[in-house]
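These notes are about the structure you will find just below.
The values are calculated or read from the model by the stated rules, or taken from the named source; none is laboratory data. Note that the structure is a prediction, hence the values are computed from the model and not measured. With ideal geometry, Cβ positions are generated from the backbone for all residues, glycine too; neighbour counts draw on all protein chains shown.
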Amino acid sequence: MVQVVASSNPADSTHSNLPLSPVKRLYRVLQCLCAAGVAAASGVLAQGYPAHPVKIVVPFAAGGVADITARVLSQKMSESMGQQVIVENRPSAGGIVASEAVAKAEPDGYTLLFITNGNAVSASLFKSLPYDTVKDFAPVSTVGFFDLVLVVDSASKIGSVRELIAYAVSNPNKLNIGTINIGSTQNLAAELFKSLSGIDAQVVPFKATPAVITALKGGDVQAAF
């Protein structure tokens, strides 16, 4: 699952009779875009938001699913809001660098965070975080849902999961499984696959999906999520 969140402002949850905050106006805009198109969003935009470019911080490098999705979304948001929406990539393990940047940004709706399932598990995966995953962010909208796929190179003799496991059993510690950065959904899926199958394999994290594909085509990894 992929979502857009903003730096949290406690005032957003109270005083419902006051004018909409930028974060709530953004939420209404995205609701309108998803439900009724551009025309319905115009009434919300009339309240003055956004007055300058909006930034979406993506915790992954360029070229991956999250990055591509964020860029498609930013283009549509720009067209609808009449204001530039910029995508900024800040890849790191568990999305910590990007999340910290947004958590410390002004809670004005102009700095957004593109999160995935990986952000949700960081609180338990890492001993400490420079932000509170629950309190420091305000949810704006769910963007989409994506499936995971286990793949091998097209030239590989491995044609099924059963054959992949058999290869790992016959070649202890020689199976390398590529994923994007540590703490990502793909990375956790690979570790889960390794654990449930009981195979002796290495999970190799890369900064971005293109790097995983390059490693797979080059034979540096034999499979990838």
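Out of LEU196, LEU192, LEU150, I need the residue that is touching a Phe, Trp or Tyr at 6+ places or on another chain (Cβ under 8 Å) and either among the β-branched types (Val, Ile, Thr) or not assigned by TED's automatic domain parsing to the domain that holds GLU100 (or both). Which one? The conditions single out LEU150. Can we say ILE180 is modelled with pLDDT of 95 or more and crowded, with 16+ Cβ neighbours inside 10 Å? Answer is no for this residue. Select from segment 69-90 the residues that are buried (at least 16 other Cβ atoms within 10 Å of the Cβ) and among the aliphatic types (A, V, I, L, M) and write down the one among them that is nearest to ASN119 (Cα to Cα). Looking at the filtered set, the residue picked out is ALA70. Scanning segment 183-220 for residues that are at pLDDT below 95 and of a type in the set (Ser, Thr, Tyr) gives SER184, THR185, THR209. The residue pairs whose first member lies in segment 64-92 and is in contact (Cβ under 8 Å) with a residue 40 or more places away in the chain, whose second member is of a type in the set (Gly, Ala, Ser) and assigned to a strand (DSSP E or B), and whose beta carbons are closer than 7 Å, counting only pairs six or more residues apart or on different chains, are THR69/GLY144. Looking only at residues in segment 112-147 that are over 15 Å from ALA93 (Cβ atoms) and aromatic (Phe, Trp, Tyr), the one that is surrounded by the fewest Cβ atoms within 10 Å (Cβ to Cβ) is PHE145.
Yes/no per residue for (1) free of Cβ contacts under 8 Å to residues at least 40 places away in the same chain; (2) of a type outside the set (Val, Ile, Thr):
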residue	(1), (2)
VAL143	no, no
ASP153	no, yes
GLU163	yes, yes
SER170	yes, yes
LEU175	no, yes
THR179	no, no
SER184	no, yes
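Taking the listed residues SER184, SER124, SER99, the one that is of a type outside the set (Asp, Glu) and not assigned by TED's automatic domain parsing to the domain that holds PRO50 is SER184, with no other qualifying.
The helices (runs of 4 or more DSSP H) found entirely in segment 103-212 that carry 3 or more residues being in contact with a helix residue (DSSP H, G or I) (Cβ under 8 Å, 6 or more places away or on another chain) and closer than 26 Å to ILE86 by Cα are 117-125. Report the residue count in segment 88-122 for those that are more than 17 Å from GLN186 (Cα to Cα) and either modelled with pLDDT under 85 or of a type in the set (Asp, Glu) (or both). The number of residues fulfilling the criteria is 4.
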